[in-house]
Amino acid sequence: MKIVVVMPAYNAEKTLERTFNDIPKDIVSEIILVDDASKDGTVMLAQSLGIRTVVHDKNRGYGANQKTCYSEALKLGADIIVMIHPDYQYDARLLPYMVGFIEKNICDFMMGNRIRTRREALNGKMPVYKYIANRGLTILENILLGQNLGEFHSGYRAYKREVLEKIAWENNSDDFVFDQQILVQATYFGYRIGDVPVPARYFEEASSINIFRSTVYGLSTLWVLIQYLLAKAGIYKCKIFTSKK
């Protein structure tokens, strides 16, 4: 299978090379970095590393960045698309385990789970308020969506091509809630979602949204869940639950 890694980047100059060096090049066909109008040297560094680089002319948001990532990966004929943040918060060396479940047709969509235990997550410097919010929302999402994932809020993900060809992710938000929308969409269409443990790595250079943005993200996640329940009940289906094929 052709495996393409996509990296949605914004001001990732300090961590990009470490992330890139950890990607197992022997199984990856292509690496794409989409820069969302960074103010540092992310683009120059990416190009010097030989990474295929796409640059937004203005900052469009995290969700919009992913839209470009997936569009470019599909154009290249990717069979499996893996999203790795270039901020070194996720361990790229675990990529073979992520894609293995898809290659063996066990799962269609894989997640990295940073919360194998509370101790590991907090020792990895995950802020306490984020840990509590993550646990609360994950429990609620597992109950409402009928899943059993260790974490719903990881940015380390792998998709079978079919998932991105069917889900109307183009209709999703350009903001951080994009991550939750695509998970709920995958559930709505019956795709098999799994996860593998990954270490939590929070440090100064790693990207992290503040309390205000986290609150907006949490409330937006609740709204996505309400939309899902309305769609499943046949009361109202919003455009994110339409199928592309």
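Remarks
- Counted residues, the range 105-142 - those being surrounded by fewer than 17 Cβ atoms within 10 Å (Cβ to Cβ) and either more than 18 Å from the chain's Cα centre (by Cα) or assigned to a loop (DSSP other than H, G, I, E, B) (or both): 17
- Condition check for Thr42: crowded, with 18+ Cβ neighbours inside 10 Å, out of contact with any Phe, Trp or Tyr (no Cβ under 7 Å at 6 or more places or on another chain), within 19 Å of Ile209 (Cβ to Cβ) and modelled with pLDDT of 95 or more: yes
- Test for Gly50: is it surrounded by fewer than 18 Cβ atoms within 10 Å (Cβ to Cβ) and either over 18 Å from Tyr156 (Cα atoms) or among the small types (Gly, Ala, Ser) (or both): yes
- Pairs meeting the criteria (first residue in the range 168-191 and of a type in the set (Phe, Trp, Tyr), second residue surrounded by 18 or more Cβ atoms within 10 Å (Cβ to Cβ) and assigned to a loop (DSSP other than H, G, I, E, B), beta carbons under 8 Å, at least 6 apart or on different chains) are Phe178/Asn172; Tyr191/Asp108.
- For the range 90-104, the set of residues classified as free of Cβ contacts under 8 Å to residues at least 60 places away in the same chain and surrounded by fewer than 15 Cβ atoms within 10 Å (Cβ to Cβ) consists of Lys104 only.
Yes/no per residue for (1) out of contact with any helix residue (DSSP H, G or I) (no Cβ under 6 Å at 6 or more places or on another chain); (2) aromatic (Phe, Trp, Tyr):
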position: Ala200; (1), (2): no, no
position: Phe212; (1), (2): yes, yes
position: Trp223; (1), (2): yes, yes
position: Ile226; (1), (2): yes, no
position: Ala231; (1), (2): no, no
position: Lys239; (1), (2): no, no
position: Thr242; (1), (2): yes, no
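- Subset of the range 55-75 [more than 14 Å from the chain's Cα centre (by Cα) and surrounded by fewer than 19 Cβ atoms within 10 Å (Cβ to Cβ)]: Val55, His56, Asp57, Lys58, Asn59, Arg60, Ser71, Leu74, Lys75
- Count of residues meeting criterion [in contact (Cβ under 8 Å) with a residue 12 or more places away in the chain and under 23 Å from Leu94 (Cβ atoms)] in the range 11-41: 19
- Of all residues in the range 75-86, those that are closer than 21 Å to Asp22 by Cβ have Cβ atoms under 6 Å from Cβ atoms of residues that are hydroxyl-bearing (Ser, Thr, Tyr) and outside any loop (DSSP other than H, G, I, E, B), 6 or more apart or on another chain, in Ile81/Tyr159; Pro86/Thr19.
- Failed item, numbered, when Ala206 is tested on (1) among the aliphatic types (A, V, I, L, M); (2) modelled with pLDDT under 95; (3) over 21 Å from Leu95 (Cα atoms): (3)
The values are calculated or read from the model by the stated rules, or taken from the named source; none is laboratory data. If you're wondering where the values come from, they're calculated on a predicted model, not measured in any experiment. Positions of Cβ are generated from backbone atoms using ideal geometry, with glycine treated the same way; all protein chains shown enter the neighbour counts.
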